[in-house]
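Contents: one structure, followed by commentary.
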Amino acid sequence: MEAVNISKNIIKIGNKLLREKAVAWGKDEFKDTKGIEKILDTLSTEMRSSSGTGIAAPQIGINKQLFLFELKSQQGMNFPNFPLTAFFNPKIQLIDQDVTKPSRRTITNINKFLHSSEKLLNLSQYKTKPQTEESTLPTNPNSNNTITMLESCLSIPNIFAHVQRSRRCIITFLDITGRERIIEADGIIAACLQHEYDHLIGKIFIDRIDKNELIDKLIFTTELSKDHLTEIYNLSGDFQITK
């Protein structure tokens, strides 16, 4: 796989701004729609020009609680498209126990199910714990409640590493109008949201790897094998908008 050119406007590892905790948006700040749209425009431009799926405001030097995320699915992939979404003042609750998730394949009338009051993930019924600087894992991690996947970051150009995170989470955030929204996420989508949220609490994905194993786990883009690409392609995930 060829190396990707990352925009010079994106702050890279070593810059102290990546280690600061982002500041929450105040209610009155949402009145400045033109200012917010300009920031979102810059974020989306920098993200897409660098082939990213997510970007946080601190990565362009704006120390505010905001990130963009977009995940495009292709034929054969095991997750739906996640449209470009702006997350203001997000908070993530990790699902802190094993979950039995209903399968789409077992549902006879999928359209009726998706438009019913029953939730596809229904994660709010389970115990949760907040994602913190210290942890992005359930209390007792196992193969059912965690996901390990290759992650990369625009602030650490062309470097990948396997990171273990909670398999499921609930993210509460404000949209561009300041209205509260809630999304439940599973698999690759949950892991990606946790990755972006880390930027708002001064963390980068390599911080989630044991320091004694870090050097051995780093993989440069050009060193990604067919097995690595197959692994990424086979990842599964889902999400449900609950508010």
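Computed from the coordinates by the stated procedures, all read-outs in this text should not be read as laboratory data. Given the structure is predicted, the values throughout are model-derived calculations rather than measurements. Backbone-built Cβ (ideal geometry, glycine too); neighbour counts: all protein chains shown.
Once divided by 2.2 N^0.38 Å, the Cα radius of gyration of region 46-96 becomes 1.33. Here the dipole of region 156-243 is about 240 debye; that uses its Cα centre as origin and unit charges on the Cβ of Lys and Arg (positive) and Asp and Glu (negative). Taking a straight line from the alpha carbon of K38, these lysines sit under 17 Å away, with near neighbours fewer than eight places off in the same chain left out: K64. Each of E2, E151, E29 was scored by other Cβ atoms within 10 Å of its Cβ. Listed from fewest to most, they are E2, E29, E151.
Shown here for region 149-213: trypsin sites (Lys or Arg not before Pro) in loop regions (DSSP other than H, G, I, E, B) with at most 11 other Cβ atoms within 10 Å, namely R179, K211. Taking label positions 7 Å along the Cα-Cβ direction at both S124 and N144, the computed distance is 2.4 nm, reported to one decimal.
Fewest neighbouring Cβ atoms within 10 Å first, the residues D96, D238, D41, D186 line up as D41, D96, D238, D186.
Estimated from helices alone, the mean residue ellipticity of the chain at 222 nm is -5500 deg cm²/dmol (sum of -39500 (n - 2.57) over DSSP H runs with n ≥ 4, per residue). Highest mean first, the peptides 191-197, 60-66 sorted by other C-beta atoms within 10 Å per residue fall in the order 191-197, 60-66.
Computed over the Cα atoms of the chain, pair by distinct pair, the Kirkwood hydrodynamic radius stands at 18.7 angstrom. Shown for T148, T128: other C-beta atoms within 10 Å of each C-beta, ranked fewest to most, produce the order T148, T128. Mean projection of the Cα convex hull over all viewing directions, computed for region 150-243: 7.0 nm². Charge dipole of the chain (Cα centre as origin; +1 on each Lys and Arg Cβ, -1 on each Asp and Glu Cβ, all else neutral): 500 debye, rounded to the nearest 20.
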